[in-house]
Each structure stands twice: as structure tokens, then as C-alpha cells.
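These notes are about the structure you will find just below.
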Amino acid sequence: MLRNPSVSAPPSVLVMPELFTRLLAERLRELVFRISQNVLDPSRVIFLRNVMLYFSQETRRALLSGIHCLLAPDGVLFLGSAEQPTDPSIWNAVLAGGTCYFRPRSTV
């Protein structure tokens, strides 16, 4: 909106905020659709470094269970150096070159 009501703006300027909002909404809708498609495809690598330390054990367990479902069978999960999976029965720890990462165990 214009701050000085005595100055009139051409109609094209007044339409721009609505046009911008509509275009932005369309772009966001495209991005959300693309992200949701990617979530359905198994991920090869997930980085979750220094995130879980802010969550309760129950939330960590739920988070890692969901990530286990999203990670490809040959995928890799990187956690922070002080973090461990809450359910080691579904994760294999791998130590390589001083870096520890986790691979999903088959739940079948």
C-alpha cells in the first residue's frame, strides 16, 4: 500500500501485490509437490547431524524409525558425533576413516 494517500498509483502497480502473491503461491505449490515426490523416493544419504540432541527419546525413536523407512537399503545416515540411533536393532554402525555412519538393517 502507498503511504501517501494523495499520490495515486497506476492500476498496474496496485495489481502487482496480488500478482506477486499468486505467482509466489504457485511456485511454492510446485516446490512442495517436488519435495513430496522426493520424499517418496528412497534417499541414498541423509544428514541429521546434531539435531536429535534437542528431542526426547520418544521423539528420537519416532524420527529414526521414519528415516529408516525413507532411506534406501544401501543408503547412509550421518548423525552427530555424540548421537546414536535409539533402536540399534534396525541400524548397522560403520566406522570408516574416523567417521561413523549408519546403514539400515533389513527388517524383513
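Here, each number is a calculation from the coordinates, and none is a lab measurement. Being a predicted model, the structure only gives us computed values, none of them experimental. Don't worry about glycine lacking a Cβ; one is built from the backbone with ideal geometry, like all the others, and counts go over all protein chains shown.
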### Task
Could you grab me the full set of residues in the range 58-108 that are exposed (fewer than 11 other Cβ atoms within 10 Å of the Cβ), of a type in the set (Asp, Glu) and more than 18 Å from Pro42 (Cα to Cα)?
Glu58
## Note on the structure
By residue number, the members of the range 48-63 that are of a type outside the set (Phe, Trp, Tyr) and either in contact with a Lys or Arg (Cβ under 7 Å, 6 or more places away or on another chain) or in a helix (DSSP H, G or I) (or both) are Met52, Leu53, Gln57, Glu58, Thr59, Arg60, Arg61, Ala62, Leu63
## Note on the structure
Here, strands (runs of 3 or more DSSP E) confined to the range 64-108 with at least 1 residues that are touching a Lys or Arg at 6+ places or on another chain (Cβ under 9 Å) and among the β-branched types (Val, Ile, Thr) are 71-79, 91-96
